[in-house]
Amino acid sequence: MAASGGEPKHETDKLEFTLDVPFPSSREAVIALQSLSPDREPRKGGISKQLTVAGSTLSVRWSADEARILRVSVNSFLDHLSLVVETMEMFGPPVSQ
């Protein structure tokens, strides 16, 4: 996994954090995306999260007003990601459709 960011942008004073999660295949990355996408941020303002897949990499980008909000969102996402990865490992590689 690769992570970057965490420093405020001077023009907007927003904190940004990006996480790239490699998967063995693009199918597994899409499964993770579909599993994690329904989870919206519970707070209406102050943070946004964008998930995308490129090849076999799931990318997540956060933008937040406060470090505390960013930390809570990233920690929650990592907990959910861990559960998704463990579940995929238990059931084995996805079957082609």
In segment 72-97, anything farther than 19 Å from Ile47 by Cα and of a type in the set (Ser, Thr, Tyr) is listed as Ser82, Thr87, Ser96
Out of (1) out of contact with any Phe, Trp or Tyr (no Cβ under 7 Å at 6 or more places or on another chain); (2) open to solvent by 40 Å² or more (accessible area, probe 1.4 Å), what's the single condition that is false for Val84? (2)
Considering only segment 49-70, how many residues are surrounded by fewer than 15 Cβ atoms within 10 Å (Cβ to Cβ) and free of Cβ contacts under 8 Å to residues at least 40 places away in the same chain? 5
Within segment 15-66, count every residue that is modelled with pLDDT under 95, assigned to a helix (DSSP H, G or I) and in contact with a Leu (Cβ under 8 Å, 6 or more places away or on another chain). 1
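The values are calculated or read from the model by the stated rules, or taken from the named source; none is laboratory data. Predicted model, so just to flag it, every value in this text is computed and none were measured. A quick note on method: Cβ atoms are made from the backbone with ideal geometry, for glycine too, and the neighbour counts reach across all protein chains shown. Only protein heavy atoms, including side chains, enter the accessible area calculation; ligands, DNA and RNA are left aside. Shrake-Rupley method; radii C 1.70, N 1.55, O 1.52, S 1.80 Å.
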